[in-house]
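These notes concern the structure reproduced below.
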Amino acid sequence: MKNCYEPFPMHIERVVVETTDATLKSFELTFDRKEDCAEFFEKYNPGQFCQLSIFGKGEAPIGIASAAWEGNFVRFTVQKMGKFTSAIHAMRAGDPIGMRGPLGNGFPLGDWKGLHLLVIGGGCAFSTLYAMTKHILHPSHRAEYGEITALYGTRNSGLCLYKPVIEEWHNRDDMVVHQAIDVPEENWKYHVGFVPAVLEEIAPSPRNTVAVLCGPPAMTKFTLPVLTKLAFPPERIYTSLEKRMKCGVGHCGRCNIGHKYVCKDGPVFTLKELQELPNEI
Amino acid sequence: MPTKWISRKDLKKLPDQWLKQYDVYAPIQNGHELAFQLVKESAQIVWDVPSNPRYPAKSLFLPQSEVLMSYDGILHSVEKVERPKVLFGLHPCDARAIRLLDHALVDEQNPDEYWKSKRQSTIIVSTACISPDESCFCTAVGGSPFNTADSDALIVEVEDEFCVYVLTEKGGVLFSKLPDAEDAQREKVEKLTKKVEAGMPKAFPKKKLHDNLLASFETDFWKEVSQSCLGCGVCTFLCPSCFCFDIADETVRKERVRNWDSCMFRTYSLEASGHNPRPTKMERTRQRVMHKFVYWVDLVGEIGCTGCGRCVKYCPVNIDIRAIAQDALHREFEGMKK
Ligand SMILES: Cc1cc2nc3c(=O)[nH]c(=O)nc-3n(C[C@H](O)[C@H](O)[C@H](O)COP(=O)(O)OP(=O)(O)OC[C@H]3O[C@@H](n4cnc5c(N)ncnc54)[C@H](O)[C@@H]3O)c2cc1C
Ligand code: SF4
Ligand code: SF4
Ligand code: FES
C-alpha cells in the first residue's frame, strides 16, 4: 500500500543556527532509504513544502529551503513557535525525524522562462525563495531567465538567514540584491526601512517581469499594493499562502479557502487567483 | 442492467445467504436508535427505516477514529485486508454522500488508501425512501428518494413486494438468482416514485443560490443566521458528506490516528501566531454552508449537501440549513457589503 500519510524515515545531518536570537534554525535532512530519496527528487519543484513529523508532537508544514543540485539532502528553516517547532529546535545532528513530501504546487518556473524576476522576501517565508533563487542561479538554469532582482528584509541584521550565501549574491554580477533592516545599525551598508517602502524607492520596472513575494502577513499585505502601484498585473504577482494544515494532500479539509485547498492547489497562487477567492486569509 | 423482483419473505432471507461470503452492515436497533452495524443474522435487520439513522454510514469508510500508523521508532502503515462487505438499507441520499466523498478522498496522485480499500470491498444496496421524514429535502439539492445514481443496487418496496434495480455488475452478484421484474411491477414503481417526489420540496435554483451566497459573503447575513449556534459540531459530525479530520498521535498506544474534526470548532483554523481566519461562529457557519452550496458546486458541479436532514433534526438550537438557503435565495445582497 502506498500510504500518503506515512512519512519517510530521515535523519538530521546538520543543524545551523541562522539568527543571533536563535529563533530560526535550519535543518538538513538525509534519507534513510535510497528509494525515498529518488522519489523525492523526481518530484521536487522549488516552492513546495513538506510535512515534518515527530511522533508525539505531530506534524508541521515547512517550506523546502534547498535546491536539488545542492545534494541528497533537504533543508528546512524553522521558526520556534509552538509544540512542534519547539521540539525540532531541541533536536541535533544524528536525530531521526519523519518527512512527507514534496507537497503542493511550487513555483511555475517553466512559465517564467525568458522573464525577469523580482524576488521579495521577509522572515522565515524567505526560505522557499532562497531555494528557488539558488535553483535558478545554477549554471544549467541561469541562462533561461532574465535579470534577477532580490529584495530581502529582516527586522535587524541579526535575523538575516543564510548570511554567507547572501554575501556571495551581493558580489555576483548576474543579480542585484537589496537588503533592508527596519531600524538603522552601525556599519550597515544597505537599505533601512520596511520592505514596502524600500520597494517603492527602488521602483523596479514591471516590464517582462514576474514578482514573487513571500513574507509575514503584514509585509505581504502592504507590499501587494506597492506592486500594483508599480503596474505589476495581478497575474504576474505570485505569493505563497500559509494556512493550518493536517493531511497536506487535499483530503482533510483543513486548509480550504473557497473551492481551493492550499496544500494541494497551492501554496503558490497569483494575486489574480487570490482576488477570485473568498476573503478569508 | 436488469430489474428483478422478490417477495418480502424471500428478501428477508437474502442477507443470511450474503453472510456466508460477506460482512453485512445494515440498520439494526442499537439502544434507542437505529445504526448501521455488523449484522449476525437477517432477523436483526430493521426493514422499515422511517428516517435516516442518526449516525451516518460514512463511518464505515471513514471511521470516527481510525489508526493510520503504528510507531516503533519509525511510523509504519497499518495494513488491513478488508473483508468483502455489503452495506444494506441506506437511503439514496446516504449513498450519494459516499460517492461525493470519493471526490474528496481519492485523487490520482495521493489516493487515501484507507478509504479506497473499504470502498472497493463494499457493495452498496440502498433502499428507496418511500416515506421521507419531514426534515428530508433530497429533491431540493439534486437527489431523489428513489435515486439510482450512486448505489450498486436499489430496492423499492411496492405493495408488499420488492423491485430490485441492479445498477452495477458488483450489485448484480447479490441478486443473480432472482426473476426479472414484470412491466406491471415497474409501472407501479414509477407511479410510486412520482407520488413520493411530488410531496417533497422543489429543487433549489442551484446557480442563483450559489451566486447569492457568494454575494452574501461579507454581509451581516451570517451574523444573523449564526446567532444561536453553540459551536457543538453536531451538524458536521452527523453530516454524511462532511469529511474533515484531524491527525493526532496517541503516545501511550504508540499510534498515529485520524479523528473526525469540525470546521464549527473555534480552534479548527487557529494558527500558531494567534491569527484565526475564522474567528467567530459567523465565519464558521458561513464556511459550513458555503462549502455545501458554493464550493462543492465549483469543484464538481453539484451541491455537496444530500438533503438527508440530520443537521436539521439534531441541531440543539434548531439551525436549519434549508431555511438558510431559502433565506439567501430571497434576499438582495448586492450593495449590502459592509
Ligand atoms: C505551506 C506552509 C509552509 C510553511 N513554511 C514554514 C517554514 O518554512 N518555516 C517555518 O518556521 N514555518 C513555516 N510554516 C508555518 C509552520 O507550519 C507553523 O509555524 C507550525 O505548524 C507551528 O506549529 P507548532 O506546533 O510549533 O505550533 P502550535 O501552535 O503548537 O501548533 C499546533 C498545530 O497548529 C498548526 N499550525 C499552527 N500555526 C500554523 C501555521 N501558521 N501554518 C500551518 N499550520 C499551523 C499545526 O498543524 C500544528 O501542528 C509554514 C506553513 C505552511 C502552511
Ligand atoms: S448539510 Fe445537513 S442535510 Fe445536508 S447532507 Fe449534511 S447533514 Fe444532511
Ligand atoms: S448543530 Fe447547531 S448549534 Fe451545533 S454547531 Fe451545528 S449549527 Fe451550531
Ligand atoms: S491540509 Fe488537509 S486538505 Fe489541505
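The values are calculated or read from the model by the stated rules, or taken from the named source; none is laboratory data. This structure is a prediction, so every number in the text was calculated from the model and none was measured. Here the Cβ positions follow ideal geometry from the backbone for every residue, glycine too, while neighbour counts run over all protein chains shown. Accessible surface is based on the protein model in full, side chains and every heavy atom, while ligands, DNA and RNA are left aside. Shrake-Rupley method; radii C 1.70, N 1.55, O 1.52, S 1.80 Å.
Just a few scattered comments:
- Given their separation in residues at 0.36 nm each and the Cα-Cα distance between them, residue B:270 and residue B:79 gain 65.5 nm when the chain is fully extended.
- Within the same chain, aspartates and glutamates fewer than 8 places from residue B:85 are excluded, and of the rest, those with a Cα less than 20 Å from its Cα are B:16, B:23, B:41, B:66, B:94, B:102, B:112, B:113, B:150, B:152, B:169.
- Buried accessible surface for the B/A chain pair comes to about 3500 Å², total over both chains, computed with a 1.4 Å probe.
- Interface residues of segment A:224-266, defined as a loss of at least 40 Å² in heavy-atom accessible area between the chain alone and the complex of all protein chains with a 1.4 Å probe, are A:244, A:246, A:251, A:252, A:254, A:256, A:259, A:261.
- Based on Cα contacts under 8 Å between residues 6+ apart, segment B:163-295 shows a relative contact order of 21 percent.
- Alpha-carbon centroids, segment A:177-251 and segment B:128-158: separation in whole Å: 53 Å
- Length-normalised contact order for chain B - Cα pairs under 8 Å, 6+ apart - percent: 21 percent
- Helical contribution to [θ] at 222 nm, DSSP H n ≥ 4, -39,500 (n - 2.57), averaged over the protein assembly as shown, rounded to 500: -7500 deg cm²/dmol
- Amide proton proximity set for residue B:37, modelled H, under 5 Å, gap of 5+: B:26, B:28
- Working ranking of peptides A:55-67, B:45-57, A:204-216 by packing, defined as the average number of other Cβ atoms within 10 Å per residue, highest first, is A:55-67, A:204-216, B:45-57.
- Taking B:251, A:19 and ordering them by how much accessible surface each has at a 1.4 Å probe, largest first, produces B:251, A:19.
- Degrees between helix A:217-229 axis and first principal axis of chain A (Cα, 0 to 90, nearest 10): 40 degrees
- Rounded, prolate or oblate (a/c below 1.5 giving rounded, otherwise prolate when a/b exceeds b/c) for segment B:275-336 by Cα gyration tensor: rounded
- Using alpha-carbon coordinates, inclination of helix A:126-137 to the longest axis of chain A, degrees: 80 degrees
- Cross-link partners of residue B:208 among lysines (Cα-Cα below 22 Å; sequence separation of 8 or more within a chain): A:260, B:223, B:292, B:337, B:338
- In this structure residue A:228 has an accessible area near 80 Å², from a 1.4 Å probe over the protein heavy atoms.
- Between 0 and 90 degrees, the angle of helix A:34-43 with respect to the longest Cα principal axis of chain A falls at about 30 degrees.
- Shape of chain B, Cα gyration tensor, a/c cut at 1.5: oblate
- Highest to lowest packing among B:106-112, B:7-13, scored as the average C-beta count within 10 Å: B:106-112, B:7-13
- Fluctuation leader among B:38, B:167, B:299 - chain B, Gaussian network, Cα springs under 10 angstrom: B:299
- When the square roots of the Cα gyration tensor eigenvalues are ordered a ≥ b ≥ c, the ratio a/c for segment B:146-269 is 1.5 or more and a/b does not exceed b/c, which makes its shape oblate.
- Relative contact order (%) - criterion: Cα under 8 Å, at least six apart; region: chain A: 18 percent
- Of the whole protein surface, residue A:91 contributes about 30 Å² of accessible area at a 1.4 Å probe radius.
- Each residue of segment A:90-95 is assigned a 3J(HN,Hα), and the resulting list reads 8, 8, 10, 3, x, 6 Hz, derived from the Karplus form 6.51 cos²θ - 1.76 cosθ + 1.60 (θ = phi - 60°), x at Gly and Pro.
- Sorted largest first by accessible area at a 1.4 angstrom probe radius, with every protein chain in place, the residues B:192, B:174 fall in the order B:192, B:174.
- Solvent-accessible area per residue for segment A:165-281 (1.4 angstrom probe, square angstrom): 47 Å²
- Note on residue A:244: accessible area is roughly 80 Å² with a 1.4 Å probe, heavy atoms of protein only.
- For the set A:170, B:275, the ranking by accessible area, highest first and with no ligand, DNA or RNA atoms included, is B:275, A:170 under a 1.4 Å probe.
- Surface composition of the protein assembly as shown: carbon and sulfur make up 52 percent of the accessible area, probe 1.4 Å.
- Of the residues A:21, A:265, A:32, the one that moves most in a GNM of chain A with alpha-carbon contacts below 10 Å is A:21.
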